[in-house]
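**Q** Quick one: this structure, given as structure tokens, is what I'll be asking you about.
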2 protein chains.
Amino acid sequence: MESPVLMFKALGDPTRARIFEFLCSNCCPVALDDLGDVRPVQGVTVGAVCCHVTGSEQFSSTVSFHLKELRLAGLINAEKNGKFMVCSVRREAIQVMRDYLQAQSDAVLGTCVEAQSLDPIGGKK
Amino acid sequence: MESPVLMFKALGDPTRARIFEFLCSNCCPVALDDLGDVRPVQGVTVGAVCCHVTGSEQFSSTVSFHLKELRLAGLINAEKNGKFMVCSVRREAIQVMRDYLQAQSDAVLGTCVEAQSLDPIGGKK
DNA sequence: ACTACATATCGAGATATCTAGATATATAGT
DNA sequence: ACTATATATCTAGATATCTCGATATGTAGT
């Protein structure tokens, strides 16, 4: 579990990547309640995801399928809130992937005689 | 091109991930030449990858297929060196993926009212 | 030119994935 | 209880992916 490779596989589908990016940008939006007060919202409903992905107000079983894949890969959380299912990004998952890539990057530098004398790409200069 | 999502897709296959990790750890190994001198090697031959993945000395068309996928995704380089094809990791690709994840991570923190008060996971404390 | 070797490409079967419609479940409001 | 709404699951067809054996290409050595 918590396998970065499975996470990459899940993120490797364009539809799922769109969903993931949408959740990253909207997982904890604020909304106005009926009193007009600003209230934090815990995540995004499946309906909102469907709307964003398909452009229609209709529920999409395809989106539901992809949300499940993202959940099984550990990339997102989904918990029921009354009638709604609310999705949010698992920040730990992002970190797992970043750690993996960091480790691979370090491995390259560690074994590359030549690379060690190169600038670390994107690193502080 | 240089799409992190395509890179994730390529890395999302366990066989390819193994190959990629192997290349990260061995893309610029040193070797002894016939005079016994230490010489840097530019990368890893396809044969060496096959050997690592399948455990046999035989060439594997499956490995060849996966190497092509990794190349098409931009994750590795492959150039001919005489009779051999020599593979190496594209460090820029690792950076593209890391940047993408960084951006998503930042997006989460940016929109999450709650998350902003949380410790950054894995960040400096 | 011939041979051995390293690798690529092709072709086909097995399996997995994606999509979308149909049906099922669960919850809130009446 | 009934109804509408939100979402999940099932099913099946279309497509993509993975694997592996067979064949092809290109290079080095004789």
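**Q** For A:C50, are the conditions met, namely being modelled with pLDDT of 95 or more and within 24 Å of B:Y100 (Cα to Cα)?
**A** Yes: the conditions hold for A:C50.
**Q** Next up: How many of the residues in the stretch A:49-69 are of a type outside the set (A, V, I, L, M, F, W, C), in contact with a helix residue (DSSP H, G or I) (Cβ under 8 Å, 6 or more places away or on another chain) and within 11 Å of DNA strand C (Cβ to nearest atom)?
**A** Summing the residues that are of a type outside the set (A, V, I, L, M, F, W, C), in contact with a helix residue (DSSP H, G or I) (Cβ under 8 Å, 6 or more places away or on another chain) and within 11 Å of DNA strand C (Cβ to nearest atom) in the stretch A:49-69 gives 8.
**Q** Further question: Of the conditions (1) open to solvent by less than 70 Å² (accessible area, probe 1.4 Å); (2) modelled with pLDDT of 95 or more; (3) more than 14 Å from DNA strand D (Cβ to nearest atom), A:S64 satisfies every one except a single condition; which number is it?
**A** Every condition holds for A:S64 apart from (3).
**Q** Tell me, which residue of the stretch B:69-85 that is open to solvent by 20 Å² or more (accessible area, probe 1.4 Å) and closer than 23 Å to A:S105 by Cβ is farthest from the chain's Cα centre (by Cα)?
**A** B:E79
**Q** Could you tell me which numbered condition B:S88 fails, if it satisfies all but one of (1) out of contact with any strand residue (DSSP E or B) (no Cβ under 6 Å at 6 or more places or on another chain); (2) at pLDDT below 95; (3) within 23 Å of A:R98 (Cβ to Cβ); (4) among the polar types (S, T, N, Q)?
**A** Condition (1) is where B:S88 drops out.
**Q** Same structure again: So, of the residues in the stretch A:58-110 that are hydroxyl-bearing (S, T, Y) and within 12 Å of chain B (Cβ to nearest Cβ), which turns out to be nearest to A:N26 (Cα to Cα)?
**A** A:S88
**Q** If I filter the stretch B:9-18 down to residues being farther than 18 Å from B:S88 by Cα and part of a helix (DSSP H, G or I), which single residue comes out as farthest from the other protein chains (Cβ to nearest Cβ)?
**A** So the residue we want is B:P14.
**Q** Based on what the data block shows, is B:L118 touching a Pro at 6+ places or on another chain (Cβ under 9 Å), more than 7 Å from chain A (Cβ to nearest Cβ) and modelled with pLDDT under 95?
**A** Answer is no for this residue.
**Q** Still on this model: Please work out which residue is nearest to DNA strand D (Cβ to nearest atom), limiting yourself to the stretch A:99-115 and to residues that are at pLDDT 95 or above and out of contact with any Pro (no Cβ under 9 Å at 6 or more places or on another chain).
**A** Selected residue: A:Q104.
**Q** Confirm whether A:V44 is crowded, with 16+ Cβ neighbours inside 10 Å, modelled with pLDDT of 70 or more and in contact with a strand residue (DSSP E or B) (Cβ under 6 Å, 6 or more places away or on another chain).
**A** yes
The values are calculated or read from the model by the stated rules, or taken from the named source; none is laboratory data. Because the structure is a prediction, the values reported are computed rather than measured. Neighbour counts run over all protein chains shown; Cβ positions are idealised from the backbone, glycine included. In case anyone asks, the SASA skips ligands and DNA or RNA and just uses the protein heavy atoms, side chains included. Shrake-Rupley method; radii C 1.70, N 1.55, O 1.52, S 1.80 Å.
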